[in-house]
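The values are calculated or read from the model by the stated rules, or taken from the named source; none is laboratory data. Please read these numbers as outputs of a predicted model, since none were measured by experiment. Here the Cβ positions follow ideal geometry from the backbone for every residue, glycine too, while neighbour counts run over all protein chains shown. Ligands, DNA and RNA are stripped out before the accessible areas are found, and what is left, the full protein with its side chains, is counted by its heavy atoms. Shrake-Rupley method; radii C 1.70, N 1.55, O 1.52, S 1.80 Å.
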Amino acid sequence: MTAQSRLPTGTDLRAEIDRLRKSRNAVILAHYYQKPEIQDIADYVGDSLQLSQLAADTDADVIAFCGVKFMADTAKILSPEKIVVLPDMDAGCSLEDSCPPDKFRAFREAHPDHIALTYINCSTEVKALSDVIVTSSSAETILQQIPESQKIIFGPDRHLGGYLNRKFNRDMLLWPGVCIVHEAFSESELLKLMQQHPGAPVAAHPECPPHVVAHADYVGSTSGILQFAKTFPGDTLIVATEPHIIHQMEKALPEKNFIGAPGADGNCNCNICPYMALNTMEKLYTALRDLEPRIEIEEGLRLKAKRSLDRMLEMASGTVGMGDLGRA
């Protein structure tokens with residue numbers, strides 16, 4: 001009998017996760033892009049930085065982060081004394097992959113008169129090479145505090161950087177990274193959906209390409225989109241981000257209709273994050289049981305990365321976690 005076949009299943013699996021959560025004094029975090037069953041068993045569901053901050057404020061000894069690796073790394077940066085486990089260490093991020101630390105270092109050295117304003121979707125090493133980390137909720141506030149005369153590198157998401165450039169008439173130098181999930185949205189398919197639901201607003205993540213963002217009534221992070229879903233006056237909302245966030249919308253507002261924006265093939269399948277999907281209930285169980293795979297960060301590197309995160313919190317503490325970039 002294999003180890004996999006001995007794993008509990010169904011309600012037994014959930015009961016075992018609950019038992020381990022208590023015995024390990026663990027807190028379970030789930031990003032909005034996780035499968036519904038993982039969201040439903042988590043102690044907290046939210047955006048990546050918000051989750052790390054919530055976990056840091058608990059007395060938990062263990063953080064089980066159901067998300068992707070850069071998110072679990074951020075939790076370890078903020079809670080070095082806690083054990084941080086990630087159900088699947090292969091749960092990466094296309095934005096992080098697009099920005100290797102050695103190439104980012106060389107890019108910075110080639111532009112010594114620029115500061116680096118870096119999206120949180122990056123590795124710990126890139127955070128350590130950055131001046132200020134931003135989230136989609138804090139980027140606007142932070143950018144407005146930087147003089148227009150100051151040259152800026154923005155990475156790794158060129159779509160978020162381009163959105164900010166257009167909105168604030170800036171000329172930030174953009175690293176050419178994209179999120180493969182948000183890149184997959186199709187303008188032509190979105191327009192077809194808008195014709196089928198006339199008057200329905202569109203909420204889009206700023207990681208979407210500009211031809212998708214241009215049709216949005218609201219642009220914001222996952223938590224911002226969720227808040228917009230709770231306040232818009234209509235009964236139907238088109239959602240242009242990873243579709244698993246719709247689970248939280250339907251739980252909060254069962255009387256409303258939420259439709260995931262389609263990809264180029266006319267459906268939402270290509271917009272499901274393949275990295276987030278690597279986490280499963282079974283892997284969460286074994287991570288809590290074995291306290292592996294475990295996130296480890298060398299202390300000097302952690303402190304350098306934390307410095308850029310601290311600068312963000314100093315400059316935009318009132319907006320972090322709110323997820324709001326405003327109307328398009």
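Checking each residue in the stretch 220-252 for being buried (at least 23 other Cβ atoms within 10 Å of the Cβ) and part of a loop (DSSP other than H, G, I, E, B) picks out S221, T241, E242. Listed by first and then second residue, the pairs linking a residue in the stretch 50-64 that is under 20 Å from T222 (Cβ atoms) to a residue that is assigned to a helix (DSSP H, G or I) and of a type in the set (V, I, T), with Cβ atoms under 7 Å apart and 6 or more places separating them unless they lie on different chains, are S52/T74. Among the numbered criteria (1) in contact with a Pro (Cβ under 6 Å, 6 or more places away or on another chain); (2) at positive phi, which one does F232 miss? Going through (1) in contact with a Pro (Cβ under 6 Å, 6 or more places away or on another chain); (2) at positive phi one by one, F232 breaks only (2). Within the stretch 94-123, residues that are in a strand (DSSP E or B) reach partners that are surrounded by 15 or more Cβ atoms within 10 Å (Cβ to Cβ) and polar (S, T, N, Q) with beta carbons closer than 9 Å, at six or more positions or on different chains, in the pairs I115/S130; A116/S130; A116/S308; L117/S130; T118/S130; T118/S308; Y119/T135; Y119/S136.
Taking the stretch 268-318 as the range and being open to solvent by less than 40 Å² (accessible area, probe 1.4 Å), outside any helix (DSSP H, G or I) and among the aliphatic types (A, V, I, L, M) as the test, the residues that pass are L291, I295, I297. Residues that are part of a helix (DSSP H, G or I) and closer than 16 Å to R21 by Cα were ranked within the stretch 38-53; the one that is most open to solvent (accessible area, probe 1.4 Å) is D40. In the stretch 171-186, is there at least one residue being part of a helix (DSSP H, G or I), touching a helix residue (DSSP H, G or I) at 6+ places or on another chain (Cβ under 8 Å), in contact (Cβ under 8 Å) with a residue 24 or more places away in the chain and over 23 Å from S123 (Cα atoms)? Checked the stretch 171-186: no residue is part of a helix (DSSP H, G or I), touching a helix residue (DSSP H, G or I) at 6+ places or on another chain (Cβ under 8 Å), in contact (Cβ under 8 Å) with a residue 24 or more places away in the chain and over 23 Å from S123 (Cα atoms).
Being closer than 13 Å to R170 by Cβ and either β-branched (V, I, T) or open to solvent by 10 Å² or more (accessible area, probe 1.4 Å) (or both) is the filter here; which residues of the stretch 114-133 pass it? Steps first, answer last, please.
First pass over the stretch 114-133, keeping only residues closer than 13 Å to R170 by Cβ: 114-115, 117.
Once the filter is applied, which keeps residues that are closer than 13 Å to R170 by Cβ and either β-branched (V, I, T) or open to solvent by 10 Å² or more (accessible area, probe 1.4 Å) (or both), the stretch 114-133 yields H114, I115.
When L13 is tested against (1) outside any strand (DSSP E or B); (2) within 23 Å of L303 (Cα to Cα), just one condition goes unmet, and that condition is (2). Note on the stretch 164-218: residues that are surrounded by 13 or more Cβ atoms within 10 Å (Cβ to Cβ), closer than 30 Å to H114 by Cβ and among the acidic types (D, E) total 2.
Considering only residues that are outside any loop (DSSP other than H, G, I, E, B) and either in contact with a strand residue (DSSP E or B) (Cβ under 7 Å, 6 or more places away or on another chain) or open to solvent by 10 Å² or more (accessible area, probe 1.4 Å) (or both), which ones fall in the stretch 54-72? Don't jump to the end; show me each part of the working.
To start, the set of residues in the stretch 54-72 that are outside any loop (DSSP other than H, G, I, E, B) comprises 54-56, 62-66, 69-72.
L54, A55, A56, V62, I63, A64, F65, C66, K69, M71, A72, listed by residue number.
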